[in-house]
Amino acid sequence: MKLTNYLRLSVLGLVVLASCGKKGPPTAQKPGKYSSTTGIEYNTEKGMAVANFKKIPEGPGLVFIEGGRTVLGSQEEDVTQTHDNIERTVTIASFYMDEAEVANIHWLEYLHFIRTDSAEEFYRSALPDTTVWARDLSFNDPYVTYYLRYPGFRYFPVVGVSWLQADDYCSWRTAKVNERLAAGGESKPGGGKGLFGKKKDKAAGEGAGAEGTAGAAGALATGKNSTSIENGNTLPNYRLPTEAEWEYAAQALVGTQEVGNENQEEKRIYPWDGKSTRNAYGRKQGQFLANFKRGRGDYAGIAGSLNDGAMITEYIYSYPPNDYGLYNMAGNVNEWVQDVYRPLSFQDVEDLNPFRRNGVGDPAEKYDKKGYQSLIDDHVRVYKGGSWRDVAYWLSPGTRRFMAEDSSTATIGFRCAMINAGSNK
């Protein structure tokens, strides 16, 4: 009898030990009931509140980009002789990026909400410049009127948007998506102030019951309704990608790697394999892989045998995606990135998540803008990718140009990015 009880206790002890062994060290998803440093119990009157967390919420429209080491810089001959993008080895942390360019329908949705949420002044400042289509010696007048608002152009990339406008859109999108998450997946009508200024008086002709974003933003900041950064039930900020992130995502060299091989043995001139701008394989062999200008006066080819099929911009999901699942990382429209423009050198480039937010290390005073010998200052931003109006040279991820952050053209759009919080994969 005693032996039987002893055996039972031994088995019970082994089970307890086994269950303890399975428990393992604390993780973000399973932090445990008690602090591993103080032993104080979480979620009690004296302890810290620790919310349940599985993973970052899913961000609409985003694709995961696994980070890693790469060589950034121009893969094309430097025909412009700018020497502004030297080859350099860097590491980029994993992040998310929109699978396609922000389209007209997305911008119209933005205008819809801020017209009811925000000040009239801000609404007007958010309107794209549709006159970017107008040219003295070209009959593009219909695009001035129809490109942004006509239903047939809904999923064409928005253009005529400055860097400043694109940056504001990212802020609005962050607040709007998190407002939906805070409401359990559904946006609820609200009132009060909008995200970008005081809501207009109802007597001024604006509808009641508008969806206010500032109220949601305030709730997110204070943790009201259990919605806060600490709870993990909000998304990090949507933002413009850094130039390094954009170039890394466009390269998509993940598609050239063999499993277990630490060497990067292949490079790409474009966001696809090979040296050609045409599809080299399968039923679509010979078809162009991007929307660009083939040569002087040739935007689309001849009727009956169009090469890229687009005289101007094209459907944002046209052409095959790259190996990260991103559409039109070459051609269609150039895309704004976060960085202030400077010629790049080893002396002023970090090798982990490189980014230039201002003139540190290369001040604007060095450039003679007042004397009209330079266009560089701290308010010019980089854009990349090539467009429907550009020749193939600009399709290479390493090529780069710049423009004033308050300017816009018919050839520049954008897409958003987001940090991958709390994980390297």
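When Tyr96 is tested against (1) assigned to a loop (DSSP other than H, G, I, E, B); (2) surrounded by 20 or more Cβ atoms within 10 Å (Cβ to Cβ); (3) not hydrophobic (A, V, I, L, M, F, W, C), only condition (1) is not met.
Taking Ala310, is it farther than 23 Å from Gly255 by Cα, part of a loop (DSSP other than H, G, I, E, B) and in contact with a Ser or Thr (Cβ under 9 Å, 6 or more places away or on another chain)? Yes: the conditions hold for Ala310.
If the condition is being in contact with a helix residue (DSSP H, G or I) (Cβ under 8 Å, 6 or more places away or on another chain) and under 26 Å from Val102 (Cα atoms), then region 51-67 contributes Pro57, Gly59, Pro60, Ile65, Glu66, Gly67.
In the condition set (1) among the aromatic types (Phe, Trp, Tyr); (2) without any contact (Cβ under 8 Å) to a residue 40 or more places away in the chain; (3) within 30 Å of Thr399 (Cβ to Cβ), Phe95 is compliant with all but (2).
Of the residues contained in region 237-252, none is found to be assigned to a loop (DSSP other than H, G, I, E, B), among the charged types (D, E, K, R) and over 23 Å from Asp78 (Cβ atoms). Among the residues of region 280-298, those identified as closer than 19 Å to Pro320 by Cα, of a type outside the set (A, V, I, L, M) and touching a residue at least 40 places away in the same chain (Cβ under 8 Å) are Asn291, Phe292, Lys293, Arg294.
For region 20-52, filtering for residues that are among the small types (Gly, Ala, Ser) and over 22 Å from Ile229 (Cβ atoms) leaves 3.
Residues in region 316-354 that are part of a loop (DSSP other than H, G, I, E, B), closer than 25 Å to Ser407 by Cα and at pLDDT below 90: 1 in all. Among the residues in region 224-237, are any buried (at least 20 other Cβ atoms within 10 Å of the Cβ), in contact with a strand residue (DSSP E or B) (Cβ under 9 Å, 6 or more places away or on another chain), modelled with pLDDT of 85 or more and under 30 Å from Trp388 (Cα atoms)? Checked against the condition, which is being buried (at least 20 other Cβ atoms within 10 Å of the Cβ), in contact with a strand residue (DSSP E or B) (Cβ under 9 Å, 6 or more places away or on another chain), modelled with pLDDT of 85 or more and under 30 Å from Trp388 (Cα atoms), region 224-237 yields no hits at all. Determine, yes or no, whether Lys384 is closer than 23 Å to Asn104 by Cβ and either surrounded by fewer than 16 Cβ atoms within 10 Å (Cβ to Cβ) or in contact with a helix residue (DSSP H, G or I) (Cβ under 7 Å, 6 or more places away or on another chain) (or both). So Lys384 fits the description; yes. Does at least one position in region 336-344 carry a residue that is assigned by TED's automatic domain parsing to the domain that holds Pro157, buried (at least 22 other Cβ atoms within 10 Å of the Cβ) and among the charged types (D, E, K, R)? Yes - at least one qualifying residue is present in region 336-344. Restricting region 84-126 to residues that are among the polar types (S, T, N, Q) and in contact with a Pro (Cβ under 9 Å, 6 or more places away or on another chain), the residue that is nearest to Cys416 (Cα to Cα) is Asn104. Within region 144-168, the set of residues being of a type outside the set (S, T, N, Q), in a helix (DSSP H, G or I) and crowded, with 22+ Cβ neighbours inside 10 Å comprises Trp163, Ala166. Report whether or not Arg357 is loosely packed, with under 12 Cβ neighbours inside 10 Å and either part of a loop (DSSP other than H, G, I, E, B) or free of Cβ contacts under 8 Å to residues at least 60 places away in the same chain (or both). So Arg357 fits the description; yes. Tell me, which residue of region 248-271 that is of a type in the set (A, V, I, L, M, F, W, C) and closer than 21 Å to Met329 by Cα is surrounded by the fewest Cβ atoms within 10 Å (Cβ to Cβ)? Filtering first and then ranking leaves Val254. Out of Val63, Val102, Val79, Val50, one residue alone is over 26 Å from Phe153 (Cα atoms), among the β-branched types (Val, Ile, Thr) and surrounded by 13 or more Cβ atoms within 10 Å (Cβ to Cβ). It is Val50. Counting only residues that are hydroxyl-bearing (Ser, Thr, Tyr) and modelled with pLDDT under 95, which one in region 105-139 is surrounded by the most Cβ atoms within 10 Å (Cβ to Cβ)? Among those residues, the one meeting the criterion is Ser118.
For region 257-291, a tally of residues being at pLDDT 80 or above and in contact with a strand residue (DSSP E or B) (Cβ under 7 Å, 6 or more places away or on another chain) returns 5.
In this entry, Gly274 passes the filter for residues that are in contact with a Lys or Arg (Cβ under 9 Å, 6 or more places away or on another chain), loosely packed, with under 15 Cβ neighbours inside 10 Å and assigned to a loop (DSSP other than H, G, I, E, B).
The values are calculated or read from the model by the stated rules, or taken from the named source; none is laboratory data. Computed from a predicted model, the values in this text were never measured in an experiment. Glycine also receives a Cβ, built like all others from the backbone with ideal geometry; neighbour counts cover every protein chain displayed.
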